[in-house]
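**Q** Take this structure first; my questions come after.
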Amino acid sequence: MAQVPKVRLAGGLEICRVLNGMWQVSGAHGPVDHPKAVQAMQAYIDAGLTTFDMADIYGPAEEIFGRFNSQLKWKPSCDAASPLQGLTKWVPRPGPMDRKVVEKALQRSMARMQVDSLDCVQFHWWDYSDNRYLHALGHLSDLQQDGLIRELALTNFDTQRLEEITNKGIRISSNQVQYSLLDQRPAAKMEAVCLSHGIQLLTYGTLAGGLLSERYLGKAEPTSRVELNTASLSKYKKVIDGWGGWGLFQELLVVLDSVAQGHSCSIANVATRYILDRPAVAGVIVGCRLGVAGAEHIKDSLHSCSPELELTAQDLRTIDGVLQRSCDLMSLIGDCGDEYRN
């Protein structure tokens with residue numbers, strides 16, 4: 001097992017700095033073979049990539065994790081302490097948020113994941129005009145004190161609401177937000193608030209669904225559904241359109257390729273490392289096409305977080321030279337997570 005760098009969250013949970021994202025088993029990236037997906041998880045564990053990120057709304061993600069977790073428990077060689085870390089999300093529809101509603105949601109995730117308590121619950125809320133998110137978080141905090149949750153976290157909350165929640169005395173471990181070379185909104189306000197309160201960032205979209213790779217270097221702009229054939233590709237192509245367009249994106253890929261060649265690594269390694277080195281970032285979530293042959297990218301993930309990969313000051317200046325000519329997504333979209341509410 002590789003020595004993958006880890007980081008400790010506020011409640012003491014240690015997670016890998018590169019997390020395995022399970023949105024890709026939700027059905028929005030093609031059909032999922034459940035037995036193959038369960039079987040495929042072992043290769044990540046063997047490589048030392050033991051942290052999985054999922055959600056109650058990611059189709060069968062929690063069940064797939066649970067089936068693998070159940071098999072792992074019965075392995076004679078398995079240590080008493082689980083080598084797995086399972087981070088899930090609770091994404092309720094706005095409505096009454098009494099303790100019974102909250103506890104029922106957690107019990108459902110625990111049953112699916114086949115665990116007695118949840119390593120981390122990342123809470124999402126669709127509508128800030130309905131302030132019952134504070135009720136839900138109050139109950140989640142109480143259930144954390146009762147031992148049902150180890151880490152209480154957020155996903156796609158903006159800076160204003162993050163400060164509001166923290167000022168209410170609710171201890172938040174992390175906030176999961178979109179953060180990449182293309183989308184640097186967290187650097188505008190979020191990072192400073194996180195650093196001041198001891199909150200860490202978990203980031204997604206860091207590889208733009210695979211667009212930040214050699215596969216798209218020097219290629220014509222993809223526009224059809226045939227070319228943009230997954231939810232990730234479609235989503236992050238729109239990010240590129242707002243960020244500066246395909247022409248500027250190609251300039252970025254050329255620069256990233258040059259930096260990557262200087263370090264004998266891939267464009268994805270450089271893009272991931274850039275974000276891993278940002279203040280307040282605990283980890284980067286890399287999507288896993290579990291059960292799809294040839295889509296593992298395990299070696300690439302290991303290289304991205306390797307201590308041997310260090311971007312130089314000159315590397316950063318070269319990359320930033322392109323980024324400075326892009327559009328300001330903070331002005332275009334709003335703060336972190338606003339794309340889900342506007």
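**Q** Going by the conditions given, is SER301 within 16 Å of the chain's Cα centre (by Cα) and among the hydroxyl-bearing types (Ser, Thr, Tyr)? Show your work before the answer.
**A** Values: within 16 Å of the chain's Cα centre (by Cα): yes; among the hydroxyl-bearing types (Ser, Thr, Tyr): yes.
Taking the combined requirement at face value, the residue satisfies it.
**Q** Same structure again: Counting only residues that are over 30 Å from GLN39 (Cα atoms) and at pLDDT below 95, how many does the range 280-320 have?
**A** So the answer is 1.
**Q** Working only within the range 118-138, note down all residues that are open to solvent by less than 20 Å² (accessible area, probe 1.4 Å) and touching a Gly at 6+ places or on another chain (Cβ under 9 Å). Step through it out loud before you land on a result.
**A** Let us first name the residues in the range 118-138 that are open to solvent by less than 20 Å² (accessible area, probe 1.4 Å), namely 118, 120-125, 133, 136-137.
Hits for the range 118-138 are LEU118, CYS120, HIS124.
**Q** Okay, moving on. Looking at SER180, SER141, which is the one that is modelled with pLDDT of 95 or more and either open to solvent by 10 Å² or more (accessible area, probe 1.4 Å) or touching an Asp or Glu at 6+ places or on another chain (Cβ under 8 Å) (or both)? Full working, then the answer.
**A** Numbers: SER180 fails: either open to solvent by 10 Å² or more (accessible area, probe 1.4 Å) or touching an Asp or Glu at 6+ places or on another chain (Cβ under 8 Å) (or both).
So the residue among SER180, SER141 that is modelled with pLDDT of 95 or more and either open to solvent by 10 Å² or more (accessible area, probe 1.4 Å) or touching an Asp or Glu at 6+ places or on another chain (Cβ under 8 Å) (or both) is SER141.
**Q** Within the set of pairs 6 or more residues apart or between chains, which connect a residue that is over 19 Å from GLY21 (Cα atoms) and assigned to a loop (DSSP other than H, G, I, E, B) inside the range 176-192 to a residue that is at pLDDT 95 or above and charged (D, E, K, R) with Cβ atoms less than 7 Å apart?
**A** Within 7 Å, the pairs are LYS189/ASP335.
**Q** Here is a further query. Would it be correct to say that GLY337 is touching an Asp or Glu at 6+ places or on another chain (Cβ under 8 Å) and either surrounded by 18 or more Cβ atoms within 10 Å (Cβ to Cβ) or modelled with pLDDT under 95 (or both)? Explain how you work it out, then say what you get.
**A** Values: touching an Asp or Glu at 6+ places or on another chain (Cβ under 8 Å): yes; either surrounded by 18 or more Cβ atoms within 10 Å (Cβ to Cβ) or modelled with pLDDT under 95 (or both): yes.
Yes.
**Q** Looking at the range 304-328, which of its residues are under 23 Å from the mean Cα position of the chain (by Cα) and over 21 Å from ARG273 (Cα atoms)?
**A** Across the range 304-328, the qualifying residue is only ASP328.
**Q** Considering only the range 228-248, I want to know if a residue exists there that is of a type in the set (S, T, N, Q) and exposed (fewer than 14 other Cβ atoms within 10 Å of the Cβ).
**A** yes
**Q** Are any residues in the range 1-15 out of contact with any strand residue (DSSP E or B) (no Cβ under 7 Å at 6 or more places or on another chain) and surrounded by 23 or more Cβ atoms within 10 Å (Cβ to Cβ), and if so, which ones?
**A** Correct list: empty.
**Q** Does the range 16-36 hold any residues that are more than 17 Å from ASP56 (Cβ to Cβ), open to solvent by 10 Å² or more (accessible area, probe 1.4 Å) and under 14 Å from the mean Cα position of the chain (by Cα), and which are they?
**A** Residue satisfying the conditions is ARG17 alone.
**Q** Within the range 160-175, track down each residue that is in contact (Cβ under 8 Å) with a residue 60 or more places away in the chain, under 22 Å from LEU87 (Cα atoms) and surrounded by fewer than 23 Cβ atoms within 10 Å (Cβ to Cβ).
**A** Within the range 160-175, just ARG171 meets the criteria.
**Q** If I ask for residues that are assigned to a loop (DSSP other than H, G, I, E, B) and either without any contact (Cβ under 8 Å) to a residue 40 or more places away in the chain or surrounded by 14 or more Cβ atoms within 10 Å (Cβ to Cβ) (or both), which ones from the range 81-103 would you list? Give the derivation first.
**A** Quick first cut of the range 81-103, residues assigned to a loop (DSSP other than H, G, I, E, B) only: 81-84, 91-98.
Selection gives ALA81, SER82, PRO83, LEU84, VAL91, PRO92, ARG93, PRO94, GLY95, PRO96, MET97.
**Q** Filter the range 177-211 for residues that are hydroxyl-bearing (Ser, Thr, Tyr) and either more than 15 Å from the chain's Cα centre (by Cα) or under 13 Å from THR166 (Cβ atoms) (or both) and give the result.
**A** Residues of the range 177-211 that are hydroxyl-bearing (Ser, Thr, Tyr), as a first pass: 179-180, 196, 203-204, 206.
If the condition is that a residue be hydroxyl-bearing (Ser, Thr, Tyr) and either more than 15 Å from the chain's Cα centre (by Cα) or under 13 Å from THR166 (Cβ atoms) (or both), then SER196 is the only one that fits.
**Q** To continue, here is another question. How many of the residues making up the range 193-227 are open to solvent by 30 Å² or more (accessible area, probe 1.4 Å), without any contact (Cβ under 8 Å) to a residue 40 or more places away in the chain and not in a helix (DSSP H, G or I)?
**A** The qualifying residues number 9.
**Q** List the helices (runs of 4 or more DSSP H) inside the range 245-324, counting only whole elements, that have at least 3 residues being of a type in the set (D, E, K, R). Walk me through it before giving the result.
**A** Details: elements: 246-262, 267-276, 298-304, 313-323.
Helices (runs of 4 or more DSSP H) meeting the threshold: 313-323.
**Q** Here's something else I'd like to know. Filter the range 40-66 for residues that are assigned to a helix (DSSP H, G or I), within 13 Å of PRO83 (Cβ to Cβ) and not hydrophobic (A, V, I, L, M, F, W, C); which is least open to solvent (accessible area, probe 1.4 Å)?
**A** TYR44
**Q** For the range 249-287, what are the residues that are more than 14 Å from the chain's Cα centre (by Cα) and among the hydroxyl-bearing types (Ser, Thr, Tyr)?
**A** SER258, SER264, SER266, TYR274
**Q** Taking SER129 as the residue in question, decide whether it is among the small types (Gly, Ala, Ser), over 30 Å from VAL254 (Cβ atoms) and touching a Cys at 6+ places or on another chain (Cβ under 9 Å).
**A** Values: among the small types (Gly, Ala, Ser): yes; over 30 Å from VAL254 (Cβ atoms): yes; touching a Cys at 6+ places or on another chain (Cβ under 9 Å): no.
Here the answer is no, as SER129 does not meet what is asked.
**Q** All but one of (1) assigned to a helix (DSSP H, G or I); (2) touching a strand residue (DSSP E or B) at 6+ places or on another chain (Cβ under 6 Å); (3) under 30 Å from ILE319 (Cβ atoms); (4) not hydrophobic (A, V, I, L, M, F, W, C) hold for GLN144, so report the exception by its number.
**A** (3)
The values are calculated or read from the model by the stated rules, or taken from the named source; none is laboratory data. Only a predicted model underlies this, so the values are computations on that prediction, with no experimental measurement involved. FYI the Cβ positions are ideal-geometry reconstructions off the backbone, even for glycines, and counts take in every protein chain you see. We work out accessible area using only protein heavy atoms, side chains counted, and drop any ligands, DNA or RNA first. Shrake-Rupley method; radii C 1.70, N 1.55, O 1.52, S 1.80 Å.
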